[in-house]
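Beneath this line is the structure, given in structure tokens, with notes to follow.
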């Protein structure tokens, strides 16, 4: 699948809420720890699979689903004040 690396728009902004900062860090750590579906984009635009060597299998999409479910359940049981 070709990647749009030349015509995309990126944005950066501060995340000030400590709870959201924790969530963002957790999501990034999960994405970077993927040992099942992770790929590295090479300078020529091709991709190579990243494999964990002796590490437990971690598929980030499945783990992020678990995190989202946990957050949804906790927000229903104990909503955060706005």
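Every number in this text was worked out from the coordinates using simple rules, so none of it is lab data. The model shown is predicted, which means the values in this text are computed figures rather than measured ones. As a convention, Cβ positions derive from the backbone with ideal geometry for all residues, glycine included, and neighbour counts pool all protein chains shown.
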Seminar exercise, completed: Percent relative contact order for the chain, counting Cα pairs under 8 Å at least six residues apart, stands at 23 percent
For this session: Could you compute the FRET efficiency for residue 22 and residue 72, with r as their C-beta to C-beta distance and R0 at 25 Å, rounded to 0.05?
Result: 0.95
For this session: Can you tell me the 0 to 90 degree angle between the C-alpha axis of helix 18-32 and the longest principal axis of the chain, rounded to 10?
Result: 30 degrees
Exercise. Hey, rough spin-label estimate for residue 13 and residue 31, points 7 angstrom out along Cα→Cβ, what's it come to in nanometres?
Worked result: 1.6 nm
Problem set entry | Cβ crowding within 10 Å averaged over residues, with 63-71, 39-47 ranked highest first | 63-71, 39-47
Problem set entry | Among 13-21, 27-35, the order from most to least packed when residues are scored by Cβ within 10 Å on average | 27-35, 13-21
For this session: Could you tell me whether the chain comes out rounded, prolate or oblate from its Cα gyration tensor? Rule is a ≥ b ≥ c as square roots of the eigenvalues, rounded for a/c under 1.5, then prolate if a/b exceeds b/c, otherwise oblate.
Result: oblate
